[in-house]
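Presented below is the structure to which this report refers.
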Amino acid sequence: MGVIEETDVEQVTLALLDAANDRDPVVQEQVRKSILTLGNQQPDKVLSMCQDYLLKHPKLVVGHRVLILQTIELVVKSRIDDISYPKIKSVIQLASDEMTKSKEVVPEWQQAASNILVAVGNKYINDIMEEILSKFQPGVLPHFFVVQTLANLSDSNVYGMVPFLNAIMGTMLPMLGMTKQDNMKWVFSSALCRFSESILEYLANLDKAPDPTVRKDTFSSEIYSAYDVLFNSWIQSRESKLRLTVAEALGSMSHLMAHDKLEEQLPKLLLTILGLYKKNSEHYIITKSLCQVLEASVNMGSRVLETQIDGLLLALHQQVCSPVDFSNPPTVKNHNEVLRCFTILANTFPDRLMVFVLQRLENSNERNRMGSLAVLRHLINSSTSIMETKKLLILASIRQPLADHSNKVKKRVVQVISAMAHHGYLEIEGGDLLVRFIIQHCALPDTHHEVSNEALRSMCDNTLHLFTTTVGRLTDVLWPMLLCYLTPNQYASATTPLCKSLILLANKKRAAQEASFIIDFSAQGVDTHTYGHDVTDEPSPRLRVNAAFPFRCRGHGAPSLSLLNALSPNIHPKAEPLWENEIPKLLSYLEGFFLYRCIGVILQQCYNKELVRKQLQEILISARHNDAIERTGVAMGIGLCASSHLDGTLEKLEEFGKSDAFRKASGIFGLLKDKNDVDVEKMKSTLILCYGYVALHAPEDQLLTRIDSDILQNISKNFNTKVKHMGFTPFIECLCIFQHIESWLSSGQDHERERAVKTTAELLQFYLDSLSVKNLVTFHNLGALVGRLGPRCTDPNPEVRRAAIDCIYRLMYIQLRYEGFSLDYKDDSVEGLLDVREKLSNPDHSVLYKTCSELTKIISKRLPQQQLSTLLFMLFDGLVDSQSNCSRASSVILNTLLKNRGAGLQDLVPEMLEVLHNRLQLIGEEQVKVAIGQSVLILATQHLQTVVNTLVAYPLPYDSWSCEMWMALGADSTLALQIIEMIIEKLNVMVPYVDKKESMLRPGLTKVATSQPLAVTVLSIRAMAKHAGPRLPAIVENLCPSLCNIYECQRVTVTAFFSELLNHHVVTELMILDMLMNNMMERITDTCGTVRMLAVRGLGNIAVGSPEKVNKYAKELLAAMSSGMEEKDDPGKLITLEAMSGMSKILLYLDQKNVQLLVENDEIRCASIMLLGNLSKFGSGEPVFKDQIHNVLVSLLLHLSDPNPQVVKACKYAMRICAPVIGSEQISAIFQKHLLEEKGLHYGEFINDLTKYLVRQEPKISLL
């Protein structure tokens, strides 16, 4: 919408305000958007009109008033910096009056007015408080929404509100005793909860607070007075909702109470909170409150807490034993909070807690045992250092639940064992029992319990696989132990997962050339008492027996063969070369059709005809007809069956051919697959092969009488040629040849492609010569065949090129015959193919592609429109042809066809774009990628709206292939302008976000971006970064205030934009780098993790967009990356990853002086050492990384005596993590034993011992 005159604004706004109460919610929403658009242009004027409208119409229905108030809120949020101060004052007055006009609570109306005050309060907190406090007077109960507004303000503007809270609570305290109604008690409790949370946030961020002198004891007296009322009176309420809100408030308030008061109240407070579990069905809020009280008590070093520990543990254990309904989020949240309570207690009372939990494991009650196992697993994962000394105790105690008969308990035991594996439990004495438990349950038979044996078995299969692949420290525990389980019969059903794990272990040790890979099976083996048998049992006999019966025990044949191959050096020196050659062939045979051949032989010997019919039906229906090997296997099996049951086999094949699946059969060349009928055509191929093998194996005396009537007749029914056939035998020969040719057309071998294309040309000539058409019909497979053969016209082999042209030439004449032209008719355009054929003898690429374009024009002229889509989709397959010449030709033909005929393909555009997007992911040829971009551009010139709508709808964030498609559209400046106009139009008419309610107790709404506006915003950001030029400074200046907006979504969007800008040198040219740099530095302390991540990314991008400025900002950039790498509130490690990436980019451009900062700055030094440790997780086994660790080992050893304790801590961490990379088990053991995080280190003695060991035992590790 452009700028309109002031009088027009008045008239339009007035009309919109009148229409705001339309019954249709869609109209209401559109009215709101329109008023907001006007308000963004002239905020003062529109706000004045809204105010006047409300004042002039005091009797408006509530819904009408609410919509106008909501619109005022939106305008205020959007343009608060542009609204005049007098207008702000009048808006405050209006909202305050609207909120308190009715003494009764009318939530929708009063909430809308309250939201305006909160929005204004984000900038004008003093003016808001002046108005609100005038209605919050001592001795008089305030309006419900006055208190609610104060609560919401403390949420949205922490730093503005906390300085007022002492006075507010001083006024509020006498009101608490006057309050009789539950709704007022609820709002006061809710407000106290919010006040406490705001104070805690303020105190946690004093470095950013306006008054850093504020202390917790500033509020302790008022908080305790409020606590007295809530605890001694209100929490006894009969109203469940009020009790829960009071409990939540008490939890938050406990952090602010004076230590002596909390200590005094703790026994009563804990008892009361625990008592709420019986009175309320909703437990999450209660557990959250309990967790906060426990945390506050532990933080202050409470002595009383220990006296309450028994009651607490019993109550928490009862909660953790409650079933968790994962479809009901509150029960999941409650479970997690209960586990958090256990963690808090474990850090303070580890011994008592561990005794309690392990005693409960002895209880055979299923629910109790599952709860105890859940706590144990959580503590193993979350309290590693505390649990370190209790490993042996835990290993001893876990034995009892190992014998539990419940699969639900066993499932929880497996989860605990998995946690133990990751923390070193399985490597100590007794850990082998846990491995045996997993393997025993990999061998379970099928059952149908609530947790079935199949589900438990699958879980154990996955756990064993994870042990092998993700827990590196277990390699030497599992090898060769797992070999012991291959021979005993009780573990037979576990053979498949055992073999898979052993293959991985063997390959890993073999690749690393570890001596332990070679096993002397003639030597004394593992203790037989431990496993019940001996590792000296050489496994190859058992594995060979398994291979002989490959489909027993969950298909153990193929894994057994693969393990034999992996173990070959251990079996016999001559076995290795032989098995490496033969076993892959056996595997291919076994997986392909061995099963079907076996079934065929069995059916040969079966005399039950009904059973034979059922088995044939099962084979035909369940076969994977798209798999060529399986098709052959099915045909072989059915052919073998026919040798004894010819009549029954032919009846079943005829019945299968008449089934619904075959009603979509198309023309003669259907076996080269129509796009929409791939499965049908493959099923036809299976059927034809079956008839072939039936003819091969059937008794000769029975076959002759059935060859015409039953075999050839049924084969012919699968091909709808609509032509007069030239006799069954030539026709069948034609089809059988075609069946085998397709896969060879794109072979990697020149001679194979040449033979396939030449055979096709001869076959097409034969078909053309024999063709006689009675009626005008369509040649259904022309597009598919041209699409398959056309790209071969630029094949590297000149013989293939000429034969491919011959194929196209004959296909065009077959098409003309189908259209009714006579046998001697000559078409000028088709005859032009003969000239093209001669030009293709020239191997020059430019000539080939020019000729290819000419060929396409001829095809385009003769190809019917209904065949075009089939041709295009076959060409899409050609884009990934094994021959780069042919993939390029596919792109040339494709783009030429799209230019000439693409205008009529609008309905296919979304599907074509999706296929192009998929092909981009597979293509390595840069020229073909560029051509695909051209394809997208051509489609856009013909169907712009459809292309933009399709691409905008792709999921966010856009992957690199989606971005390539968008960039292709930007290559045409005229088209790019049209796209930008469309995007702007979309942004104007689409809802940018939806409001989602977070909590019943908290009235605020979260704004969640809708996908399409977010997508076009992302596109706009990238386009502006590259093309907005001189307008960028003004854009940046206008966006800066949004970085402080209360809504995360706006801060995220602007930070993402600024981050992208820093990727481009234009910010230096326009002298806005300083402004962007300062804004990014401010955002790295944002409360939102996504904003922090984007800010770190933006700072790292400076090294890409303006590398010459890196040294200017070196100190700030290094500090920011250091902070990012130490980020604690980073669940997905996204911030850490960005900081590591940014640091690597920055280091490329730092000069010597600034590199020194890395050494001199403690924080940076600490972060760099931590980074080294984290990187070593990914560098294991890499020689380059091993060399780097050797190079920095002396530096790390020196920094173990660094004056900064944090640097020493980082060094210990890095050396423990890097130890396996050094290449010495003894050194690794020394590091793991002595460099513990919380323990002291006798530095001199440690260095002395380590140096002696290095000199004597590890001369290969140089410290010089």
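The values are calculated or read from the model by the stated rules, or taken from the named source; none is laboratory data. From a predicted model like this one, the values you see are computed outputs, not experimental measurements. Cβ: placed from backbone, ideal geometry, glycine included. Neighbour counts: every protein chain shown. For the accessible areas, the whole protein counts, side chains as well, though only heavy atoms, and no ligand, DNA or RNA atoms are used. Shrake-Rupley method; radii C 1.70, N 1.55, O 1.52, S 1.80 Å.
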Two decimals, Cα atoms only, Kirkwood Rh: what is Rg/Rh over the stretch 436-501? 0.98
The stretch 212-320: trypsin sites (Lys or Arg not before Pro) in DSSP coil with no more than 16 other Cβ atoms inside 10 Å: Arg215, Lys216, Arg238, Arg303
Quick one: Debye curve from the alpha-carbon atoms of the stretch 806-850 only, equal weights, vacuum; give me log10 I(q)/I(0) at q = 0.15 Å⁻¹ to two decimals. -0.45
So how far, in whole Å, is the C-alpha centre of the stretch 174-241 from the one of the stretch 269-312? 18
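For the stretch 1-158, state the semi-axes of the equivalent ellipsoid (square roots of 5 times the eigenvalues of the alpha-carbon gyration tensor), sorted largest first and rounded to whole angstrom.
Values: eigenvalues 142, 65, 33 Å².
So the equivalent ellipsoid measures 27, 18, 13 Å along its semi-axes.
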Do me a favour and compute the ellipsoid semi-axes for the stretch 556-657 from its Cα gyration tensor, root of five times each eigenvalue, largest one first, whole Å. 35, 13, 10
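Restricting to Cα pairs below 8 Å that are 6+ residues apart, what does the relative contact order work out to for the chain? Please round to a whole percent. Walk me through the numbers before you get to the answer.
Working: 1509 pairs, mean separation 39.3, N = 1264.
Once divided by the residue count of the chain, the mean separation gives 3 percent.
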Solvent accessible area, Å² - Arg377, 1.4 Å probe, full protein context: 90
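Protein chains only, probe 1.4 Å: how do His845, His1064 rank by accessible area, largest first?
Details: His845 85, His1064 35 Å².
Correct descending sequence by accessible area is His845, His1064.
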Starting from the Cα of Lys261, draw a straight line to each of the aspartates and glutamates and keep only those under 14 Å, dropping any in the same chain fewer than 8 residues away. Asp217, Glu222, Asp228
What is the pair-distance distribution P(r) of the stretch 1029-1072, computed from all Cα-Cα distances in 5 Å bins starting at 0, with each bin given as a whole percent? 5, 23, 31, 23, 12, 6, 0
Helix-derived [θ] at 222 nm for the chain: sum -39500 (n - 2.57) over DSSP H runs of at least 4, divide by residue count, nearest 500? -22000 deg cm²/dmol
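When the Kirkwood hydrodynamic radius is evaluated over all pairs of different C-alpha atoms of the stretch 920-983, what value in angstrom, to one decimal, is obtained?
Working: mean 1/r = 0.0827 Å⁻¹.
Hydrodynamic radius (Kirkwood, Cα only) of the stretch 920-983 equals 12.1 Å.
Using only Cα atoms, what is the ratio of the radius of gyration of the stretch 838-989 to 2.2 N^0.38 Å?
Details: Rg = 16.0 Å, N = 152, 2.2 N^0.38 = 14.8 Å.
Working it through for the stretch 838-989, the quotient is 1.08.
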What span do the alpha-carbon atoms of the stretch 770-879 cover on each of the three principal axes, reported in whole Å from largest to smallest? 44, 30, 22
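So, by mean Cβ neighbours within 10 angstrom, what's the order for 616-624, 158-166 with the highest one leading? Write down the numbers at each step before the final one.
Numbers: 616-624: 16.3, 158-166: 19.4.
Taking the mean over residues of other Cβ atoms within 10 Å, the ranking is 158-166, 616-624.
Per residue, what volume in Å³ does the convex hull of the Cα atoms of the stretch 236-371 enclose?
Values: hull volume 13.6 nm³, N = 136.
Each residue corresponds to 100 Å³ of Cα convex hull volume.
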For the chain, whose charge dipole is built from +1 on Lys and Arg Cβ atoms and -1 on Asp and Glu Cβ atoms, the candidate among Gln308, Asn885, Asn381 with its Cα farthest towards the positive end is Gln308
In the structure displayed, which of Lys857/Lys899; Lys208/Lys1209; Lys1133/Lys1233 lie more than 19 Å apart, Cα to Cα? Lys208/Lys1209; Lys1133/Lys1233
For Val332, what accessible area in Å² do you get when you roll a 1.4 Å probe over the heavy atoms of the protein chains, rounding to the nearest 10? 40
Using DSSP to call loops (not H, G, I, E or B), can you name the GluC sites (Glu not before Pro) in the stretch 9-116 whose Cβ has at most 14 other Cβ atoms within 10 angstrom? Glu104
Ranked highest first by the average count of other Cβ atoms within 10 Å around their residues, in what order do 14-24, 700-710, 421-431 fall? 421-431, 14-24, 700-710
Rolling a 1.4 angstrom probe over the protein chains, ignoring ligands and nucleic acids, what is the accessible area of Asp97 in square angstrom, nearest 10? 70
So for the chain, using the alpha carbon gyration tensor with a ≥ b ≥ c as root eigenvalues (a/c under 1.5 gives rounded; past that, a/b versus b/c decides prolate or oblate), I'd call it oblate
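Could you put Met874, Met300 in order of accessible surface area, largest first, with the 1.4 Å probe and the full protein assembly present? Don't skip to the end; give the middle numbers.
Values: Met874 10, Met300 35 Å².
My answer, sorted largest first, is Met300, Met874.
For the stretch 132-258, what value does the Rg/Rh ratio take when both radii are computed over Cα atoms and Rh is the Kirkwood radius, given to two decimals? The partial results should precede the final answer.
Numbers: Rg = 13.8 Å, Rh = 14.5 Å.
In the stretch 132-258, Rg relative to Rh is 0.95.
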If you rank Leu402, Leu1198 by how much accessible surface each has, with a 1.4 Å probe, what is the order from largest down? Leu1198, Leu402
Provide the per residue accessible area, probe 1.4 Å, for the chain, rounded to a whole number of square angstrom. 46
